[in-house]
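Read the structure below first, then the notes.
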């Protein structure tokens, strides 16, 4: 790393850290404020609120890494331009592309770090958050868990309908249960029905189960009954979450690593149908971390153009860019989720990255 690279990269460190901390704290406060009525209505204890904030914070950190990159790049270039250091570098024959090279490399590093953080830390933290919400929901005595739900296991082998759920001595008693078990060989699913079942930590116990096995392409049915039938597959913790919070850009895929989601989609392709929502979530798990590189490309030339207006312009420019980007992404996510035939998942997830990258390259060329 040469002197120019060290000088530019060093300018990004403090703004990046301050920007990351400020935005995360601001969003955490916003989440707590927006859900204050819910906390008060259900008498959530202070310890429970603290656990919610603690476990949800890694998700906000991963979500705001691109924002911190934009703030760091904008403030670094604004300071260098305002003190004429970029002018001196260019007078020495160094091109803008070379001056900003360390910022581009930092964008790549932060994109990789954001993806790794989203794979290793965020899913675990989100599962702990959902478990905390489940514990708090079960502690609310005047609520009963959600009824009439259909859920699937992670490997798509089990599909279950639960008519009603009640709590009995720390266990979940399920009523009106229908299970579809899909054999790996591609045969017709086995149907299991039970009036009641117990569920505890991924362990199912069906009482007086009625089992329907279909053979010969459905022409022959084998019916059996079992007084007690045991199965092992875990329900999502959010199924038991009765306390619903307003969370920014949060989806059920936030607790699923990229590899597991890709495996799910690969299995769906074998069955001949791919869920557009799963495909949209998969692409966003890549496009959001890569936006660190996008901001590292688009912010430096724009910050240099407006640097003479004052140091605050770096922050203002970052806020405007991030506001436009995230609202574009939010709109694309909503449209891609509801109308995948109009806006395909790949276009919804990557469109704003492509547009902002082209804008950054154009301004870089004009500034050069």
Qualifying residues in region 19-54 (those that are surrounded by 14 or more Cβ atoms within 10 Å (Cβ to Cβ) and out of contact with any helix residue (DSSP H, G or I) (no Cβ under 8 Å at 6 or more places or on another chain)) - the one nearest to residue 85 (Cα to Cα): 22
Among the strands (runs of 3 or more DSSP E) contained in region 137-243, which hold 3 or more residues that are modelled with pLDDT of 80 or more and in contact with a strand residue (DSSP E or B) (Cβ under 8 Å, 6 or more places away or on another chain)? 158-168, 171-181, 190-200, 203-215, 220-232
Can you tell me which residue in region 199-214 is nearest to residue 233 (Cα to Cα), limited to those that are in contact (Cβ under 8 Å) with a residue 24 or more places away in the chain and surrounded by fewer than 16 Cβ atoms within 10 Å (Cβ to Cβ)? 202
Only one of 266, 331, 347 that is within 21 Å of residue 111 (Cα to Cα) and free of Cβ contacts under 8 Å to residues at least 40 places away in the same chain: 347
Mind checking which residues of region 86-105 are assigned to a helix (DSSP H, G or I) and exposed (fewer than 11 other Cβ atoms within 10 Å of the Cβ)? 91
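Going by the structure shown, is residue 108 at pLDDT 85 or above, surrounded by 19 or more Cβ atoms within 10 Å (Cβ to Cβ), within 16 Å of residue 360 (Cβ to Cβ) and under 30 Å from the mean Cα position of the chain (by Cα)? Step through it out loud before you land on a result.
Working: at pLDDT 85 or above: yes; surrounded by 19 or more Cβ atoms within 10 Å (Cβ to Cβ): no; within 16 Å of residue 360 (Cβ to Cβ): yes; under 30 Å from the mean Cα position of the chain (by Cα): yes.
Judged against the criteria, residue 108 is not a match.
Results for (1) part of a helix (DSSP H, G or I); (2) assigned by TED's automatic domain parsing to the domain that holds residue 285; (3) more than 19 Å from the chain's Cα centre (by Cα), shown as yes or no for each residue.
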| residue | (1), (2), (3) |
| --- | --- |
| 37 | yes, yes, yes |
| 43 | no, yes, yes |
| 55 | yes, yes, no |
| 62 | yes, yes, no |
| 79 | yes, yes, yes |
Take residue 83 and tell me if it is at pLDDT below 85, within 27 Å of the chain's Cα centre (by Cα) and surrounded by fewer than 13 Cβ atoms within 10 Å (Cβ to Cβ). no
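Conditions (1) in a helix (DSSP H, G or I); (2) within 21 Å of the chain's Cα centre (by Cα), marked per residue:
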| position | (1), (2) |
| --- | --- |
| 267 | yes, no |
| 274 | no, yes |
| 282 | yes, yes |
| 327 | yes, yes |
| 337 | yes, yes |
| 361 | yes, no |
| 365 | yes, no |
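The values are calculated or read from the model by the stated rules, or taken from the named source; none is laboratory data. Nothing here was measured: the structure is a model prediction, and the numbers come from that model. Positions of Cβ are generated from backbone atoms using ideal geometry, with glycine treated the same way; all protein chains shown enter the neighbour counts.
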